[in-house]
Each structure stands twice: as structure tokens, then as C-alpha cells.
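Some notes on the structure that comes next.
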Amino acid sequence: MLPVRKTSKMRKRARRSHQAISAVHLISCPQCGTAKLPHCACGNCGYVNQHTRLKQEDEE
Ligand SMILES: [Zn+2]
């Protein structure tokens, strides 16, 4: 025979209180204004910040 439950409703719910998904943090690009992830290069213009720019794939 197996026990009906070993984990109570309270214990299960308390454990799952840590599983919430947080929203993705987006900032607007200082160069072109589109939404981008902080500390990452902008997908539109390639700027990380006002001083740093990564080359985009279509230019060599
Ligand atoms: Zn940009």
C-alpha cells in the first residue's frame, strides 16, 4: 500500500511560492529608442550604450 499523500497542500503551495516567472526587464535603446535588454547590444542599431557599438551581421 502507498500513502495517499506525503506532501500536504500547505507544503506544496509553500514550495511553489518560489516558482513565479518574473517579467523580462527591457530598457529603451539610448541610440534608437527600441526596447532592448540591459547590457546587451541593440538588435536594431548594435549599440550597447552611447560609447560602445558592436558590428552588425550585415556589415563587415
Ligand atoms: Zn538601438
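Every number in this text was worked out from the coordinates using simple rules, so none of it is lab data. These numbers were taken from a predicted model, which means no experiment stands behind them. Cβ placement follows ideal geometry from the backbone for every residue including glycine, while neighbour counts extend to all protein chains displayed.
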Sum -39500 (n - 2.57) across every DSSP H segment of at least 4 residues in the chain, then divide by the residue count to get the 222 nm mean residue ellipticity, nearest 500.
-3500 deg cm²/dmol
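Mind checking the dipole of the chain: about its Cα centre, +1 per Lys or Arg Cβ, -1 per Asp or Glu Cβ, Debye to the nearest 20? The partial results should precede the final answer.
Working: 11 positive and 4 negative charges, 265 e Å.
I would put it at about 1280 debye.
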Over region 1-48, what is the relative contact order in whole percent, taking alpha-carbon pairs under 8 Å and six or more residues apart?
20
